[in-house]
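Data block below; observations after.
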Amino acid sequence: MQYVQVMSQPADSARRPSRSTATPDAPESAAGSRAAAQRLKMRRELAAAAMELFATKGYEATTVDEIAAAAGVARRTFFRHFRSKEEAIFPDHDDTLVRAEAVLNAAPPHEHPLDTVCRGIKEVMKMYAASPAVSVERYRLTREVPTLREREIASVARYERLFTRYLLGHFDERDHHDGNDDPLLAEVAASAVVTAHNHVLRRWLRAGGQGDVEAQLDHAFAIVRDTFGTGIGAGRAAGGSSTPSPAATASATGDVLVTVARTDAPLEEIMRSIEKTLKEHR
């Protein structure tokens, strides 16, 4: 696979902070972390109050003033955290999007970008799995209230855009020409990762939040990698023509088996190639 890694450049010596100037930043960083934690705590408390009221009074009959009162805060405090009552039942998406992006930014240079994207979206599943009961109830509400369902769809679209940008950013712009399907495959692959995640998530929520959701997710991602991982950046010839080539091949001569594989080839495909050749030469 041909993709480029954006490496951070050394800072200019004039801009690099000295040890003495860097030290005072630590308390500020700690204070910022505490403020972020308090913000998330309040958002979750407001969300819990909203969820309880939606379940007992119904979504349409519940007001922002009632949500704020149930959480023990003023109306203006609610609007410091959410713009509307439908937004209140999704308190973690903003922070989860930040964590998913951090996974992408910290990816090791040898990792296939599609594998990185799969790791990134696992942050979303962790968010749901952290509170199964709340997640199941939220799922029920989004099925019943069209406004909430639209909000959920908009949240999913943000993840999809993030992963598409990431995959597209790992291809050499000079290779974007007629006959190169990488941009198409990158966008389709990003959609496939999000779709696979959502499929597993819905199945888990319908089961009441029971089951090994991580194992189910890994299985779904393996299917996505097998389908798209070997096509991105594979077999392109000069001048824009594209001749697909296998990710891994194996040949046997006598008692010797030789396997040739691209560095981004999934282990499962390499093993299948080896097994097939062994069977043919038994």
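Quick note: the coordinates plus some simple rules give every number you see, no bench work behind them. Predicted model, so just to flag it, every value in this text is computed and none were measured. Reconstructed Cβ throughout: ideal geometry from the backbone, glycine too, with neighbour counts over all protein chains shown.
Given that compact globular proteins tend to follow 2.2 N^0.38 Å, what is the ratio of the alpha-carbon Rg of segment 55-108 to that value?
On the way: Rg = 15.4 Å, N = 54, 2.2 N^0.38 = 10.0 Å.
Compared with the compact-globule rule of thumb, segment 55-108 sits at 1.54.
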For segment 105-203, inverting the pair-averaged 1/r of distinct alpha-carbon atoms gives a Kirkwood value in Å of 15.1
According to a simple spin-label model (label point 7 Å from Cα along Cα-to-Cβ), what is the distance in nm between residue 143 and residue 219? 2.1
Taking N as the number of residues in segment 48-168, what is its alpha-carbon radius of gyration divided by 2.2 N^0.38 Å? 1.22
